[in-house]
Amino acid sequence: MAVAEAENVVHELVTAKAEVRDLQRAVVALRSEMELAAANHESAVQQAVVAANMEIVLLKATAAELRGELEKSQIQREEEVQRAAAASQDEIGQLKATAAMLRDELERARIEKENEVQQAQAASANEISQLKGAAAALREQLELARMDRENALQAERLVASEELKQLHATIQSMRDQMERTSP
């Protein structure tokens, strides 16, 4: 009977060692999965950062292009105003040399030129206002995209944290169970 009990104890000891080995393997496997999940998460974060940086570069290029177009239009407007002023001066010089009846025509031309300059100024002010609005909208879109990325990152961190807590609880439960079953 003592031999049977000894064999039974040896059998239980072998079984317990096998369970410990299995649990150790499970812990190693879980640790590997956690490390893989962390690496995947880090990769996703890096990809999001790269995408955000690319979007920032694109938005900066767009803003620079819009700024260049605005400057070009301002230069063209100034050249047109200068050409109009030069043409007016030539015309004034010719009109001074002509008879008094042409003075009325000169006055009409001057008024028309002033209207054109005012219209050009109004058009450029409108264009500047539109460009400012577009720049503000682009800034707002960029800010919204940044906030969306931050929210997604926080959600991913929360999920990873919850998974880690569950894994810790599982490991603790396994340890408790092992302690209860060990002699």
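Computed quantities for the displayed model
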read-out: Single match in Ser129, Ser88 (criterion: in a helix (DSSP H, G or I), among the hydroxyl-bearing types (Ser, Thr, Tyr) and over 43 Å from the mean Cα position of the chain (by Cα)); value: Ser88
read-out: Ala61 being over 16 Å from Glu163 (Cβ atoms), surrounded by 12 or more Cβ atoms within 10 Å (Cβ to Cβ) and of a type in the set (Gly, Ala, Ser); value: no
read-out: Residue satisfying all of: in region 132-183; in contact (Cβ under 8 Å) with a residue 40 or more places away in the chain and more than 29 Å from Asn40 (Cβ to Cβ); farthest from the chain's Cα centre (by Cα) among these; value: Pro183
read-out: Tabulated pairs, region 38-55, first under 15 Å from Ala152 (Cα atoms), second loosely packed, with under 13 Cβ neighbours inside 10 Å, C-beta under 9 angstrom, 6+ apart or interchain; value: His41/Arg157
read-out: Condition check for Arg146: surrounded by 12 or more Cβ atoms within 10 Å (Cβ to Cβ), under 20 Å from Lys60 (Cβ atoms) and at pLDDT 90 or above; value: yes
read-out: Total residues in region 8-52, condition touching a helix residue (DSSP H, G or I) at 6+ places or on another chain (Cβ under 8 Å) and closer than 20 Å to Leu164 by Cβ; value: 10
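Rundown of residues vs (1) surrounded by fewer than 12 Cβ atoms within 10 Å (Cβ to Cβ); (2) polar (S, T, N, Q); (3) more than 30 Å from Asn126 (Cα to Cα); (4) within 49 Å of the chain's Cα centre (by Cα), yes/no style:
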{"position": "Val10", "(1), (2), (3), (4)": "yes, no, yes, no"}
{"position": "Ala37", "(1), (2), (3), (4)": "no, no, yes, yes"}
{"position": "Ala48", "(1), (2), (3), (4)": "no, no, yes, yes"}
{"position": "Glu55", "(1), (2), (3), (4)": "no, no, no, yes"}
{"position": "Arg67", "(1), (2), (3), (4)": "no, no, no, yes"}
{"position": "Leu70", "(1), (2), (3), (4)": "no, no, no, yes"}
{"position": "Arg77", "(1), (2), (3), (4)": "no, no, no, yes"}
{"position": "Arg83", "(1), (2), (3), (4)": "yes, no, no, yes"}
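The values are calculated or read from the model by the stated rules, or taken from the named source; none is laboratory data. Being a predicted model, the structure only gives us computed values, none of them experimental. Note that each Cβ is placed from the backbone with ideal geometry, even for glycine, and that neighbours are counted across all protein chains shown.
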